[in-house]
Each structure stands twice: as C-alpha cells, then as structure tokens.
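Structure, as structure tokens:
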Amino acid sequence: MARVVWFETVAIAQQRAKRRLPKSVYSALVAASEKGLTVSDNVEAFSELGFAPHVVGAIEKRDLSTTVMGQDVSLPVIISPTGVQAVDPDGEVAVARAAAARGTAMGLSSFASKPIEDVVAANPKVFFQVYWLGGREAIAERVERARQAGAVGLIVTTDWTFSHGRDWGSPKIPEQMNLRTILRMSPEAITRPAWLWKFGKTLRPPDLRVPNQAKRGEPGPPFFAAYGEWMATPPPSWDDIAWLRELWGGPFMLKGVMRVDDAKKAVDAGVSAISVSNHGGNNLDGTPATIRALPAVVEAVGDQIEVVLDGGIRRGSDVVKALALGARAVMIGRAYLWGLAAAGQPGVENVLDILRAGIDCALMGLGRASVHDLTPDDIVVPPGFARALGVRGAGDT
Ligand SMILES: Cc1cc2nc3c(=O)[nH]c(=O)nc-3n(C[C@H](O)[C@H](O)[C@H](O)COP(=O)(O)O)c2cc1C
C-alpha cells in the first residue's frame, strides 16, 4: 500500500493534488466558470467574518454531532455530490468509505463513476443526487433504482446553466478513455507517474461512463451522451419539483437555492431541506458567495426546513461561521476532491479530520459545548456583508 503522508490543511491537499494529477485532470477539479468571481467570493467571504472568543470558560468536551435529513452525523459536514471522482480508481467508493469511517453522510452525483449499489454498500448514509435529465419517466426510473439500492435521501440539483468557458481555459475532457486518448494524454500523464501507476495497477483506465443513468447492472452511457440528453431536456417547473418530492416520499433536498423567494417556493413544494449553494461557482458567474446569502434564507425558512450551505468551505472555522449564521450543516466539494486526488480514501479522511479539528478548536475558543449552541454573537459580521436575494429587489440587505 502506498505511503500516506498526512497533510495539515486543505490548501496543502490542493497543492498535492496539483502535483499529482495531469494538468487537465487537476483543472477539471478546480472547475469554476468565466472570470471566477463567484468561486473567489465563496472562499474569500469567509475571510471577512471574524470570531468573538472568550478568554476563560471553555468547555472541556465539545459535541460536534448533529443530524442531516434524518441521518446521524458525527460532525456537521457532509460530502456534496460531485461528478469527477474517476480521478481515483476507487472514486465514489473510496469517498463513501472515508465518509463512513469518519461518521458522516454522502451525496452521490447523477454523474458518478460508480454504481449506487457499490457506494451504498460502502456507506449506508447515501443521498442520491438527481439532475433534471430525460423527463419525468426517466427520472422516476432512476429514483426507483436509488430507492432499491438503499439511498436514504434525494438531492435535486436544478441550478446548472450549462455555462462554459473560463478565462484560464477549460480542460479537454475526452469522449472516452480508450487507448487513443490515453496515448494523446500521455505527454502530460507521463509526468505524473504516481497517478498513472494507480490506474495502471488496476488495469482499468479512468471510467467516463455514468452508470447511474442506466438500469442496474448496465454500464451506463458515456458522460457526454448523458450531458447532451440533459441539455435537450426542458428544465423543471415548481410543479415538477413537487411531483418528484411526492414520488420520493423520503428526505428531499433542493440544492442551489440562493434567494428567499425560491426558498419559500421550495417549502411550498414540500422539500425537507435546501442547500444554499451556487454550485461552487461553476455556474452563473457573479452570483454572490453562499455565506452572504445564507442569513436571509435562514430567517425566512429556517424554522420550517433544514438549511445547509455549500461553497467555499476550506477550514473548520468556515464551518463554524456558517453554523453561527444559521446553517444546520455544510457540504464540501473541492476540499474532499483534493484529498481524494492527493491520497485516495485516506486523503478524504484526512480532510474530514482537518475540518473536525478546526470546528473543535473554534468551539473551544467560543466557549460553546455543542455545534447547536453557536449564534451570530459568536462571530463578527462587517456592515454590508450579507446579500438578501429575492426579498424586495435582488441584493437588498
Ligand atoms: C468538479 C466538480 C464537480 C461537481 N459535480 C456536481 C454534481 O455532479 N452534482 C451536483 O449537485 N453538484 C456538483 N458540484 C457542486 C458541488 O456539489 C458543490 O456544490 C460545490 O463543489 C461546493 O463548493 P466547494 O467546492 O467550494 O466546496 C460539483 C463541483 C465540482 C467542483
């Protein structure tokens, strides 16, 4: 087994991922769109928030556990669904094992590289993520497969705008990973021998198929065929969301909510949770940071449904800031992808350990016994920080 070297921050995991992966593969993990305004704001906005620590009165043992969509989690951090885990041969199964080892739940992308049955076997706390692809009948079939496989919740992501183009260039993702593509990639891959070897050992090239878009046991369509079908599918209405919510019946999250008016419509559609999310800045560039939009959404619907946040979480202290502003928990994307790319399953565990330790330190400094005790009083919010979207006019604070 490869020697795993512990890293102490997510930034170091990112540096390792960059060193280890071929350039185009690393670039696919960095993602983001256009000028990168949103992805930067997601991260930088956390730096504008400060802490108001106590000097005496720290609690000896702090409780980080909570529940998200009915699942007990040992820390208020869950795995956000992401579609590029074929950067590691074990992909989503490695992530699922890491999340299980650290006592947390996982969102599994529609565009995952591993069948949901294998992922649930590694971690029973799986929420299956759905894109609006193929219309009601096709979606109903996929959701039924997820139910049969044992998924304990559904995450519906409807904020994707098919935005493409980045000022720093987009990676060329091959249609299929066959011998010809491997040879074409070889000049950049050859400079990353550890990554190449990890796949070489398995005798399996990275899989660019999406098995959860097909029936159980089928290999699934190639990524780009599924993407094309998605582009050709009319986007969902609020009636469609209410229909799917009814069909599923269990815990149901709408991911990508940024506005108060949408949050209220989500409540009307019967959802049990929302994620305040801008898809990690991969979408409509210029959308503000999720942490800025969170307080108004929590104020409007936080007493009716669970509100989680994703976007820009890189430290335990970011998690604590989000909880102080009313999030029940957060979901992480790039942070664990970098851990996965840097060191496989132990790398993801390492990232979760970093976040856990950071949350614990912040709770200690703030004199809080539990993540449930955090309040806005624990942090310093500069004037003009928040953005209450969809209240009167977009952006009113
Ligand atoms: C490379 C990449 C792939 C993603 N794929 C999906 C996906 O398939 N489904 C989805 O709902 N969100 C997807 N997301 C968005 C994440 O779930 C999450 O909203 C975002 O990464 C959070 O921001 P962070 O990366 O700053 O933590 C993806 C994000 C990245 C970076």
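Just so you know, all these numbers are worked out from the coordinates, no wet-lab data involved. Here the structure is a predicted model, which is why all the values come from computation and not from measurement. Heads up, the Cβs are rebuilt from the backbone with ideal geometry, glycines too, and the neighbour counts pull from every protein chain shown.
Taking the Cα centre as origin and putting +1 on Lys and Arg beta-carbons and -1 on Asp and Glu beta-carbons, what dipole magnitude results for the chain, to the nearest 20 debye? All intermediate terms of the calculation are to be shown ahead of the outcome.
Numbers: 43 positive and 42 negative charges, 302 e Å.
Dipole of the chain, to the nearest 20 debye: 1460 debye.
Count the net charge of all other residues whose Cβ sits under 12 Å from the Cβ of Gln304, scoring Lys and Arg as +1 and Asp and Glu as -1. In short, -3.
If you take every residue apart from Val120 with its C-beta less than 13 Å away from the C-beta of Val120, what net charge results, scoring Lys and Arg +1 and Asp and Glu -1? Neighbourhood net charge equals +3.
Sites listed here are trypsin sites (Lys or Arg not before Pro) in the range 207-276 whose DSSP assignment is loop and whose Cβ has at most 14 other Cβ atoms within 10 Å: Lys215, Arg216. With the charge dipole of the chain set up from +1 on Lys and Arg Cβ and -1 on Asp and Glu Cβ about the Cα centre, the Cα lying farthest toward the positive end among the listed residues Val30, Phe385, Val120 is that of Val30. Select from the range 51-149 those trypsin sites (Lys or Arg not before Pro) which occupy a DSSP coil region and have at most 13 other Cβ atoms within 10 Å, ordered by residue number. Of the trypsin sites (Lys or Arg not before Pro), the ones in loops of the range 51-149 whose Cβ has at most 13 other Cβ atoms within 10 Å are Lys61. A convex hull fitted around the alpha carbon atoms of the range 10-379 yields 126 Å³ per residue. Which stretch or stretches of the range 347-383 have amide N atoms under 19 Å from the point lying 7 Å from His54's Cα along the Cα→Cβ direction? Only 359-380 pass the distance filter.
How large is the charge dipole for the range 240-388, taken about the Cα centre, if only the Cβ atoms of Lys, Arg (+1) and Asp, Glu (-1) carry charge, to the nearest 20 debye? Mind showing how you got there, number by number?
Working: 14 positive and 17 negative charges, 59 e Å.
Around 280 debye, computed over the range 240-388.
As a proxy for reagent exposure, ranking His164, His279 by other Cβ atoms within 10 Å from fewest up yields His164, His279. Between Phe385 and Ala11, the contour length at 0.36 nm per residue exceeds the alpha carbon distance by 132.2 nm.
Going from the fewest other Cβ atoms within 10 Å to the most, the residues Phe224, Phe162, Phe111, Phe127 appear in the order Phe162, Phe224, Phe111, Phe127. Here the chain is scanned for GluC sites (Glu not before Pro) in DSSP loops (not H, G, I, E, B) that have at most 15 other Cβ atoms within 10 Å, and the longest stretch holding none of them is 176-397.
Distance between the C-alpha centres of the range 99-134 and the range 228-305: 19 Å, rounded to the whole angstrom.
Estimate the FRET efficiency between Ser74 and Glu246 by the formula 1/(1 + (r/R0)^6), using the beta-carbon distance for r and 45 Å for R0, to the nearest 0.05. Computed FRET efficiency for Ser74 and Glu246: 0.90. If R0 is taken as 30 Å, the Cβ-Cβ distance between Asp167 and Ala225 corresponds to a FRET efficiency of 0.55. In the elastic network of the chain, a GNM with C-alpha springs shorter than 10 Å, the most mobile of Leu247, Leu325, Leu366 is Leu247.
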